[in-house]
1. Between ASN48 and LEU90, what length comes free when the chain is fully extended (0.36 nm per residue of separation minus the Cα-Cα distance, one decimal in nm)?
2. Determine the sum of side-chain charges near GLU46: Lys and Arg each +1, Asp and Glu each -1, restricted to other residues whose C-beta is under 13 angstrom from that of GLU46.
3. Within the set of other residues whose C-beta is less than 10 Å from the C-beta of ALA127, count the net charge using Lys and Arg as +1 and Asp and Glu as -1.
Amino acid sequence: MKNIITEISVANVLLLVWIFTINQVNAQEQKKDPLKTKMSIFIKSESNIITLTCEKGCEWKEISIKSSDEDRRVIQSGIKDILKKEPVDLANSEFVFTIERSNGEIKLGNLKGMRWKTLTIKCPENACTQTIDENGVTQLN
């Protein structure tokens, strides 16, 4: 009886050590790159056109928007026109944000998947470039 209890205790200790080790490895992996980006988009504005080029995490490569086209939502699979009431499938998109241009600025608003609420990109003389990801502005140009 004593041997059975000892074997069970040793097995429990080994199990606990194994679980602790697995948890430590997982925690270290998360610490290596806690802000690892899932998406990255290069924004270029010239004249009356805003061009978005997806560098990572999208199902599209490039989208162009006329500045007069307000109220747009950028999603993982493309762009949706709010005024035309195109449905946005929030459940199946990793990210959703609004984009509009006014008064020499491009304004972005997070609807899903970003760690920021809003971003404003200054566009002096209506020309600017900027890279963004779910963490915010990544490269100031």
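1. In short, 12.3 nm is gained.
2. Numbers: positive: LYS44, LYS66, ARG101; negative: GLU125.
Local charge sum for GLU46: +2.
3. Numbers: positive: LYS44; negative: GLU46, GLU125.
Once positives and negatives cancel, what remains is -1.
Every read-out reported here was derived from the displayed coordinates using simple, explicitly stated rules and does not represent laboratory data. Fair warning: this is a prediction, and the values are worked out from it, not measured in the lab. Quick reminder, even Gly has a Cβ in these numbers, built from the backbone with ideal geometry, and neighbours come from all protein chains shown.
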